[in-house]
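Enquirer: Sharing a structure, written as structure tokens. Questions coming.
The values are calculated or read from the model by the stated rules, or taken from the named source; none is laboratory data. Please read these numbers as outputs of a predicted model, since none were measured by experiment. Virtual Cβ from ideal backbone geometry, glycine too; neighbours counted across all protein chains shown. We work out accessible area using only protein heavy atoms, side chains counted, and drop any ligands, DNA or RNA first. Shrake-Rupley method; radii C 1.70, N 1.55, O 1.52, S 1.80 Å.
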Amino acid sequence: MTKFEHYDQGTPSWVELTTPDQAAAQTFYGSLFGWSFDDHDMGEMGHYFIPTIGGDEIGGISGQMPGMEGHPAFWGVYLAVDDVDAATAKVEPAGGKVEAGPFDVETNGRMSAIQDPTGARVGLWQAKDTIGTQRANEPGTPTWNECVTSDVAAAVKFYGEVLGMGSEPMDMGEAGTYTVLTNAEGRQIGGSMDLGMLPEGTPPHWNLYFNVEDVDASVAKVEELGGKSVAPAFDAPGVGRMAMVADPQGATFWVMSAADAA
């Protein structure tokens with residue numbers, strides 16, 4: 001198993017589902033990934049559920065805020081930062097937008113919600129008591145994240161200026177070239193891809209991939225549980241097998257198995 005006690009700046013460190021039906025989400029994801037759930041009473045803000053595997057925290061499931069009625073569910077991604085106030089101060093000069101914060105989340109950490117210049121929303125998380133996802137890169141846990149945008153170069157430039165990220169090309173054969181995002185030390189931490197590679201109407205966003213043992217079986221399970229297939233399963237040479245799916249409330253995500261397990 002792969003457990004985490006620290007995330008370098010720029011690394012995706014937490015994933016969060018915002019949904020109109022938290023109970024239905026627990027049924028769906030619990031059945032799909034084998035998650036258990038810890039219930040955190042947030043008072044007037046309602047309940048926040050944290051999915052776990054073996055007691056390790058995987059992410060969060062939040063209810064919708066007032067005014068979001070009728071909006072489909074969606075997954076969001078948080079990037080680790082060393083100093084959220086300093087990083088947030090760089091967002092607007094780099095062409096992005098600060099939508100909320102920075103503010104404290106009890107003693108768990110400090111965060112802000114931002115939008116990059118291409119329209120992709122992402123959270124910035126400075127850990128205190130809670131570092132973020134405690135277990136990853138194994139079945140039922142996050143394994144990869146990427147910024148999906150209409151302008152990869154502009155997105156890469158923005159995250160470089162705000163978080164010190166770098167980038168490097170990856171040859172994907174007939175699929176073209178994929179952009180890998182790196183941290184300040186050059187370690188691969190995520191990616192970026194062109195919006196045109198996804199179904200028409202998909203907005204800019206940060207993608208979330210969950211590791212699974214069998215992609216095709218997972219897609220079948222998604223459909224059995226009331227979700228749907230969005231992009232059919234395919235093999236990416238040297239990377240693995242993957243498919244894009246949606247839960248019953250409309251939140252899209254990917255299931256992926258590594259090349260040696262595909």
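Enquirer: Among Met42, Met193, Met244, determine the one that fluctuates most according to a GNM of the chain built with springs between C-alpha atoms less than 10 Å apart.
Expert: Among Met42, Met193, Met244, the largest GNM mean-square fluctuation belongs to Met42.
Enquirer: What lysines does Lys90 reach when the alpha-carbon gap must be under 16 Å and sequence neighbours fewer than 8 apart in one chain are set aside?
Expert: By straight Cα distance, Lys90 reaches Lys157.
Enquirer: By how many nm would the segment from Asp194 to Ser31 lengthen if fully extended, with 0.36 nm per residue of separation less the alpha-carbon distance?
Expert: 55.5 nm
Enquirer: Build a GNM of the chain with springs between Cα atoms under 10 Å: which of Met242, Met45, Met165 gets the top mean-square fluctuation?
Expert: Of the options given, Met45 has the highest mean-square fluctuation.
Enquirer: Per residue, what accessible area does the range 73-151 have, given a 1.4 Å probe and all protein chains present, in Å²?
Expert: On the way: 3110 Å² over 79 residues.
Value for the range 73-151: 39 Å² per residue.
Enquirer: So what is the 222 nm mean residue ellipticity for the chain from helices alone, if each DSSP H run of at least 4 adds -39500 (n - 2.57) and you divide by all residues, rounding to the nearest 500 deg cm²/dmol? Could the numbers behind the result be given before it?
Expert: On the way: 4 runs with 40 residues, N = 262.
Taking each H run of at least 4 residues, the total per residue is -4500 deg cm²/dmol.
Enquirer: Moving on to the next point. If you average 1/r over every pair of different alpha-carbon atoms in the chain and take one over that average, what Kirkwood value in Å do you get?
Expert: Final number for the Kirkwood radius of the chain is 18.6 Å.
Enquirer: Test of understanding: express the Cα radius of gyration of the range 117-262 as a ratio to 2.2 N^0.38 Å, with N the residue count.
Expert: Here the answer is 1.06, to two decimals.
Enquirer: Could I ask something else about it? What does a probe at His71 reach in the range 89-106, counting residues whose amide N is under 20 Å from the point 7 Å along Cα→Cβ?
Expert: Taking a point 7 Å out along Cα→Cβ of His71, the residues of the range 89-106 whose backbone N falls under 20 Å are 96-105.
Enquirer: Could you report the range 157-221's accessible area per residue, 1.4 Å probe, as an integer in Å²? Before the final figure, lay out each step's value.
Expert: Details: 3220 Å² over 65 residues.
Using a 1.4 Å probe on heavy atoms only, each residue of the range 157-221 averages 50 Å².
Enquirer: Hey, another quick one. Measure off, as a whole percent, the carbon and sulfur share of the 1.4 Å-probe accessible area of the chain, all protein chains present.
Expert: With neighbouring chains kept in place, the figure for the chain is 50 percent.
Enquirer: Also, I was wondering about something else. Provide the FRET efficiency to the nearest 0.05 for the Arg187-Glu223 pair, computing r from the beta carbons and using R0 = 30 Å.
Expert: The formula returns an efficiency of 0.25 here.
Enquirer: Antiparallel versus total DSSP beta bridges in the chain: what percent is that, nearest 5?
Expert: DSSP beta bridges in the chain are roughly 80 percent antiparallel.
Enquirer: Please compute the volume of the convex hull spanned by the alpha-carbon atoms of the range 1-123 and report it per residue in Å³.
Expert: Value for the range 1-123: 132 Å³ per residue.
Enquirer: In the range 96-168, which trypsin sites (Lys or Arg not before Pro) fall in coil by DSSP and have 16 or fewer other Cβ atoms within 10 Å?
Expert: Lys128
Enquirer: Can you tell me the order of 11-24, 222-235, 50-63 when each peptide is scored by its average per-residue count of other Cβ atoms within 10 angstrom, highest first?
Expert: Per-residue Cβ counts within 10 Å, averaged per peptide and sorted highest first, yield 11-24, 50-63, 222-235.
Enquirer: Same structure again: In a Gaussian network model over the chain where Cα atoms closer than 10 Å are linked, find which of Asp194, Asp104, Asp41 has the largest mean-square fluctuation.
Expert: Asp41
Enquirer: Let me ask another. In nm, to one decimal, how far is the Ser150 label point from the Glu44 one, both placed 7 Å along Cα→Cβ?
Expert: Distance between the two pseudo-spin positions: 3.8 nm.
Enquirer: Here's a follow-up. Could you estimate the translational diffusion coefficient of the range 62-200 from the Stokes-Einstein equation, with Rh from the Kirkwood formula over C-alpha pairs, at 37 °C and 0.692 mPa s, in whole µm²/s?
Expert: Using the Kirkwood radius from Cα pairs, D works out to 201 µm²/s.
Enquirer: Dimensions of the range 178-262 along principal axes (Cα, Å, largest first)?
Expert: Taking max minus min along each principal axis of the Cα atoms, the range 178-262 gives 43, 32, 18 Å.
Enquirer: Using 0.36 nm times the number of residues separating Ala231 and Lys97, minus their current alpha carbon distance, what extension gain do you get? Write down the numbers at each step before the final one.
Expert: Details: separation 134, 0.36 × 134 = 48.24 nm, distance 3.03 nm.
Length gained, Ala231 through Lys97: 45.2 nm.
Enquirer: How many Å² of accessible area per residue for the range 1-45, probe 1.4 Å?
Expert: 54
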